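*Asks:* Below you'll find the structure I mean.
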Amino acid sequence: MELDPRLVEYLSIIIKIFLIGLICIAANFISKRIVVRIITRIVTNSKIKWGPIILEREVFRKLSHIVPAIIIYSFASTFPTYQSTIEKLAIAYMIIVGLVFIRSLLNVCNDIYQTFEISKVKPIKGYIQVVNIIIMTLGVILIISNLMGKSPLILLSGIGALSAVLMLVFKDSLLGLVAGIQLTSNDMVRVGDWIEMPKYGADGDVIDISLNTVKVQNGDKTITMIPSYALISDSFRNWRGMQGSGGRRIKRSLYIDTSSITFCTEEMIGKFIKVHYLSDYIIQKEKEITEYNTKNEIDRNNPVNGRALTNIGVFRGYISNYLKNHEGINQDMPLIVRQLAPGEYGLPLEIYAFTNDVQWAVHESVQSDIFDHLFAVAPEFGLRIFQNPSGADIRNVVEESENKALIGERNY
């Protein structure tokens, strides 16, 4: 009994496909389970510094996918009717594997570059993304030209007509590329910088700079994505100078009730001279004032005449000496205690100094400790800190008035 030639042909094709499939499975098993494992072990045991990065990106495993495609391409001639189609599909698959492999290599290059300190100053991630886009675009052109059986130059010549469309599609990428070059060349922002950009709700550390976006992690751990070109077109604040200076600024005022400011009496001076940070200051000032008044024959029976110490002046001197001896204040940076223009809230006594630690928590702790102390000692100098009347203040005034009225009625 003779078999149908078509059936024999189909059986032959099925057997060939089955055998080629087995060969591909075996080759894939050998390449992944044996060859890749051997390479992984060699890289792991060697002293290659960047070995773990290469293994993490699975470069060799991704390249191993090309083996089955090569086998299928090699056996395409066994199917004369479908040889051309099989070869085109195999080549297309090999191009895709090649693109994935190249992309992994570029990522490895970026990861290796980030191990160097210069990567924080001049990141290359944006440039690698541009190279990725170019390579992927060329790869797609090669795949299409291969499937169509046409030269890639024909497709490339047609891209000119689509340039306007491509410019529109890749507008953000092109703007990002130009912005990335300007940001890097002018050293405007680095990974790790603390930047503030209220327009985009960004106030935190830069954790990534890519082709299109700059990723900022805010203080509350939220992530803000800023377009790269926005850092060129809009203004932003970079706190890098503060972070690298070794000091973080304190600029805060105490508001003194002007009605509590007065000349120092002998009793007050005797009290102040016993204060640790004031003894030398009082002695020196008293000497200067006495010499001035004696030289100019000033009559001190009237306190308006000549020079005299005031409680606000002594308090200012105390704050200055207190800060000069404070372990949390950077003594190599400006330290000023000054009066600002008086206003509706009293006389602002401003402290301008720098902590010796730029960390936010430490800075706030030092600043709070200083003002805790100053608020507590201000009454010792006969000074009152100004505060708008609260409900309790008004209630005390009312109660005091009622008590006086009641006493007056009783006396009457």
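*Asks:* From the list GLU364, GLU400, pick out the single residue that is closer than 30 Å to GLY247 by Cα, assigned to a helix (DSSP H, G or I), at pLDDT below 95 and of a type outside the set (Gly, Ala, Ser).
*Replies:* Working: GLU400 fails: closer than 30 Å to GLY247 by Cα.
Of GLU364, GLU400, the one residue that is closer than 30 Å to GLY247 by Cα, assigned to a helix (DSSP H, G or I), at pLDDT below 95 and of a type outside the set (Gly, Ala, Ser) is GLU364.
*Asks:* Give me the pairs, please: first residue somewhere in segment 212-233 and among the aromatic types (Phe, Trp, Tyr), second residue anywhere and modelled with pLDDT under 90 and surrounded by 17 or more Cβ atoms within 10 Å (Cβ to Cβ), beta-carbon distance under 8 Å, and either six or more positions apart or on two chains.
*Replies:* From segment 212-233, the pairs are TYR229/LEU175; TYR229/GLY176; TYR229/ALA179.
*Asks:* Which residues, taken from segment 185-239, are among the small types (Gly, Ala, Ser) and part of a helix (DSSP H, G or I)? Explain how you work it out, then say what you get.
*Replies:* Residues of segment 185-239 among the small types (Gly, Ala, Ser): 185, 192, 201-202, 204, 210, 219, 228, 230, 233, 235.
Once the filter is applied, which keeps residues that are among the small types (Gly, Ala, Ser) and part of a helix (DSSP H, G or I), segment 185-239 yields SER185, ALA230, SER233.
*Asks:* Could you please let me know if ARG307 is basic (Lys, Arg) and surrounded by 14 or more Cβ atoms within 10 Å (Cβ to Cβ)?
*Replies:* Values: basic (Lys, Arg): yes; surrounded by 14 or more Cβ atoms within 10 Å (Cβ to Cβ): yes.
It is true that ARG307 is basic (Lys, Arg) and surrounded by 14 or more Cβ atoms within 10 Å (Cβ to Cβ).
*Asks:* Restricting attention to segment 282-308, report how many residues are hydrophobic (A, V, I, L, M, F, W, C) and either touching a strand residue (DSSP E or B) at 6+ places or on another chain (Cβ under 7 Å) or part of a helix (DSSP H, G or I) (or both).
*Replies:* Taking segment 282-308 as the starting set, the residues that turn out to be hydrophobic (A, V, I, L, M, F, W, C) are 282-283, 289, 298, 304, 308.
If we keep only those that are either touching a strand residue (DSSP E or B) at 6+ places or on another chain (Cβ under 7 Å) or part of a helix (DSSP H, G or I) (or both) as well, we get 282-283, 289, 308.
Total satisfying the criteria: 4.
*Asks:* Would you pick out the residues in segment 57-83 that are without any contact (Cβ under 8 Å) to a residue 24 or more places away in the chain and either in a helix (DSSP H, G or I) or over 21 Å from SER12 (Cβ atoms) (or both)?
*Replies:* Quick first cut of segment 57-83, residues without any contact (Cβ under 8 Å) to a residue 24 or more places away in the chain only: 73-74, 76-77, 80-83.
Scanning segment 57-83 gives TYR73, SER74, ALA76, SER77, GLN83.
*Asks:* Hey, does segment 338-357 have a residue that's within 23 Å of PHE375 (Cβ to Cβ), touching a residue at least 12 places away in the same chain (Cβ under 8 Å), in a loop (DSSP other than H, G, I, E, B) and among the charged types (D, E, K, R)?
*Replies:* Here is the first cut: in segment 338-357, the ones within 23 Å of PHE375 (Cβ to Cβ) are 338-357.
Still in the list and also touching a residue at least 12 places away in the same chain (Cβ under 8 Å): 338-340, 342, 345-357.
Filter again for in a loop (DSSP other than H, G, I, E, B), leaving 340, 342, 345, 356-357.
From what is left, the residues that are among the charged types (D, E, K, R) are 357.
Yes - at least one qualifying residue is present in segment 338-357.
*Asks:* Enumerate the pairs (first residue in segment 17-29 and assigned by TED's automatic domain parsing to the domain that holds LYS62; second residue anywhere and at pLDDT 80 or above and surrounded by 13 or more Cβ atoms within 10 Å (Cβ to Cβ)) with beta-carbon separation below 6 Å, excluding pairs fewer than 6 apart on the same chain, so at least 6 apart or on different chains.
*Replies:* Between residues of segment 17-29 that are assigned by TED's automatic domain parsing to the domain that holds LYS62 and residues that are at pLDDT 80 or above and surrounded by 13 or more Cβ atoms within 10 Å (Cβ to Cβ), the close pairs are ILE20/PHE75; ILE23/ILE71; CYS24/PRO68; CYS24/ILE71; ALA27/VAL67; ALA27/ILE71; ASN28/PRO68.
*Asks:* Is it the case that some residue within segment 105-116 is at pLDDT below 80, out of contact with any Pro (no Cβ under 8 Å at 6 or more places or on another chain), exposed (fewer than 14 other Cβ atoms within 10 Å of the Cβ) and not charged (D, E, K, R)? It would help to see each step written out before you state the result.
*Replies:* Narrowing segment 105-116 to residues at pLDDT below 80: none.
No, segment 105-116 contains no residue that is at pLDDT below 80, out of contact with any Pro (no Cβ under 8 Å at 6 or more places or on another chain), exposed (fewer than 14 other Cβ atoms within 10 Å of the Cβ) and not charged (D, E, K, R).
*Asks:* Can GLY343 be described as in the same structural domain as THR265 (by TED's automatic domain parsing), out of contact with any Leu (no Cβ under 8 Å at 6 or more places or on another chain) and either surrounded by fewer than 16 Cβ atoms within 10 Å (Cβ to Cβ) or among the aromatic types (Phe, Trp, Tyr) (or both)?
*Replies:* On the way: in the same structural domain as THR265 (by TED's automatic domain parsing): yes; out of contact with any Leu (no Cβ under 8 Å at 6 or more places or on another chain): yes; either surrounded by fewer than 16 Cβ atoms within 10 Å (Cβ to Cβ) or among the aromatic types (Phe, Trp, Tyr) (or both): yes.
Yes; evaluated as a whole, the condition is true for this residue.
*Asks:* Then there is this: I'm told ASN132 meets every condition in (1) touching a helix residue (DSSP H, G or I) at 6+ places or on another chain (Cβ under 9 Å); (2) at pLDDT below 70 except one. Can you identify the failing condition by its number?
*Replies:* Condition not satisfied by ASN132: (2).
*Asks:* For the list (1) farther than 21 Å from LEU174 by Cα; (2) assigned to a loop (DSSP other than H, G, I, E, B); (3) among the aliphatic types (A, V, I, L, M), I need the number of the one condition that MET242 fails.
*Replies:* It is condition (2) that MET242 fails.
*Asks:* Of the residues that make up segment 213-226, is at least one surrounded by 14 or more Cβ atoms within 10 Å (Cβ to Cβ) and out of contact with any strand residue (DSSP E or B) (no Cβ under 8 Å at 6 or more places or on another chain)?
*Replies:* No; the residues of segment 213-226 include none that is surrounded by 14 or more Cβ atoms within 10 Å (Cβ to Cβ) and out of contact with any strand residue (DSSP E or B) (no Cβ under 8 Å at 6 or more places or on another chain).
*Asks:* Can you tell which of ILE95, ILE112 is outside any loop (DSSP other than H, G, I, E, B) and in contact with a Phe, Trp or Tyr (Cβ under 8 Å, 6 or more places away or on another chain)?
*Replies:* Details: ILE95 fails: in contact with a Phe, Trp or Tyr (Cβ under 8 Å, 6 or more places away or on another chain).
Criteria check complete, one pass: ILE112.
The values are calculated or read from the model by the stated rules, or taken from the named source; none is laboratory data. Because the structure is predicted, anything quoted here is derived from the model rather than measured. Methodologically, a virtual Cβ is constructed for each residue, glycine included, from the backbone with ideal geometry; neighbour enumeration extends over all protein chains shown.
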